[in-house]
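What follows is a short report on a single structure.
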Amino acid sequence: MSVVADSARGLVYFDTISGEYPPTGFSFGIINASTHGVIKVLPLDVYAGPLALDQKTGDVFVAGSTTIAVYEATNQTLVRQISVGKPILSMAYDSSVSEDLFVTSGYQVLAINPQTGEVVRSATFTNSVDGIALDSSNGRLYVGEYPQGEISVLEAASLVRVGTIGLPGCCALQFALDESAQMLYAATGTNNVYVVNTGTGSFVKSFQVTSSSQNSTNAIVVDNMTGRVYVASSPGGSVLELDTAGDVVQHYYVQSQVAGLAIDTKTQELYATNYHQITVFDTAESRTFLLAIFIGVTVVAVGAILVYLFIRRREESERMKVQSGWVGPPEAK
């Protein structure tokens with residue numbers, strides 16, 4: 001239920017659950033960004049989770065529940081598994097300097113050598129960690145702690161915390177980073193999106209994406225070419241386009257809950273994925289370009305419900321933890 005675009009090579013990668021209920025398997029697929037045709041679909045041995053892209057080689061890292069499958073672009077196949085041993089919430093890959101894969105898992109941030117699977121360094125927090133973003137231009141990692149109302153700033157080379165950025169509330173759960181503009185956007189699991197200036201290391205503003213306090217933000221992505229931000233709002237299949245001022249300038253709609261977003265900066269096409277399909281939007285023309293069904297269509301309603309329940313269950317759990325003041329113990333190194 002995740003998607004990532006390789007604009008340089010004209011490819012889009014996605015993972016998804018099988019189109020059956022109960023789910024019988026998971027898949028990893030490749031799309032031609034020019035024709036929108038599916039090039040290849042490969043079975044996954046693990047749950048379909050977040051994706052990370054090596055911009056230099058085109059390799060893709062596919063997170064399952066506690067393991068990571070590695071797809072090598074040159075061989076066009078899944079070549080190995082990396083065992084993390086704990087649930088993986090988000091990933092970021094450093095293509096330019098260390099070539100490390102950064103993972104948030106439990107109360108830790110891990111730097112993993114993707115060739116050997118070795119954890120080369122780690123950082124442990126007193127709160128659980130979720131969202132992560134890598135700013136390769138200054139070698140910094142931005143990490144959202146739960147239920148802490150702040151973002152931790154780490155040196156990527158050492159995973160030493162060098163600062164924190166205070167937020168008006170909980171929590172920074174998913175990130176979208178515009179490196180050139182030095183702006184970091186965070187979906188919160190609530191109706192708010194937070195904006196941070198990474199150049200000054202300061203909080204800029206918070207804004208609501210809809211008028212209803214019952215809505216929440218989850219998947220988020222930024223177009224580094226235009227500065228426009230796209231955020232999925234639940235419940236419902238709604239994706240909102242925000243300008244640099246944080247104003248909603250366009251609504252895009254899909255059939256059911258959006259689980260992942262990716263922007264092809266070369267074509268300015270937005271990919272929104274859920275349980276059984278990927279919808280492609282032409283953001284330059286503000287219109288739906290293509291609706292592609294990749295997995296079985298006989299259980300569309302069931303698939304939509306599964307995605308909705310998955311996202312809402314996580315959101316409600318987070319809200320309950322905040323309301324109760326729950327803070328879990330740190331894990332041992």
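No value in this document is a laboratory result; all are computed from the given coordinates. The shown structure was predicted, so the numbers you read here are calculated from the model rather than taken from an experiment. Cβ sites come from the backbone with ideal geometry, for glycine too, and all protein chains shown count toward neighbours.
For Arg228, enumerate residues with amide H under 5 Å from its amide H, sequence gap 5+ or separate chain, H modeled in the peptide plane.
Under 5 Å from the amide H of Arg228: Asp223.
Can you list the residues, at least 5 places off or on another chain, whose amide H is less than 5 Å from the amide H of Gly131, using H built in the peptide plane?
It is Gly144, by chain and number.
Assuming a viscosity of 0.890 mPa s and a temperature of 25 °C, what translational diffusion coefficient in µm² per second does Stokes-Einstein assign to the stretch 6-85, Rh being the Kirkwood radius over Cα pairs? Walk me through the intermediate numbers first.
Details: Rh = 12.9 Å.
My calculation gives 190 µm²/s for D.
Can you work out ³J(HN,Hα) from phi for every residue in the stretch 246-251, in order, using Karplus 6.51 cos²θ - 1.76 cosθ + 1.60 and θ = phi - 60°, giving whole Hz and x for Gly and Pro?
Taking θ as phi minus 60°, the curve returns x, 8, 6, 10, 7, 10 Hz for the stretch 246-251.
Kirkwood Rh over Cα pairs of the stretch 1-150 into Stokes-Einstein at 37 °C, 0.692 mPa s: D in µm²/s? Provide the component values of the computation, followed by the final result.
Details: Rh = 15.9 Å.
Estimated via Stokes-Einstein, D reaches 206 µm²/s.
Roughly how many nanometres apart are two label points built 7 Å out from the Cα toward the Cβ at Lys56 and Thr77?
2.5
Among 33-46, 221-234, what's the highest-first ranking by average C-beta atoms within 10 angstrom per residue? Please report the intermediate quantities before stating the final value.
On the way: 33-46: 13.9, 221-234: 21.4.
The peptides rank, most packed first, as 221-234, 33-46.
List every residue whose amide H lies under 5 Å from the amide H of Gly260, counting only residues 5 or more places away in sequence or on a different chain, with H placed 1.01 Å from N in the peptide plane.
Long-range HN contacts for Gly260: Thr273.
What are the ³J(HN,Hα) values, in whole Hz, obtained from phi via the Karplus relation 6.51 cos²θ - 1.76 cosθ + 1.60 with θ = phi - 60°, for each residue of the stretch 79-94 in sequence order, with x given for Gly and Pro?
Running phi through 6.51 cos²θ - 1.76 cosθ + 1.60 with θ = phi - 60° gives 9, 6, 10, 10, 8, 9, x, 9, x, 9, 9, 7, 9, 8, 10, 9 Hz.
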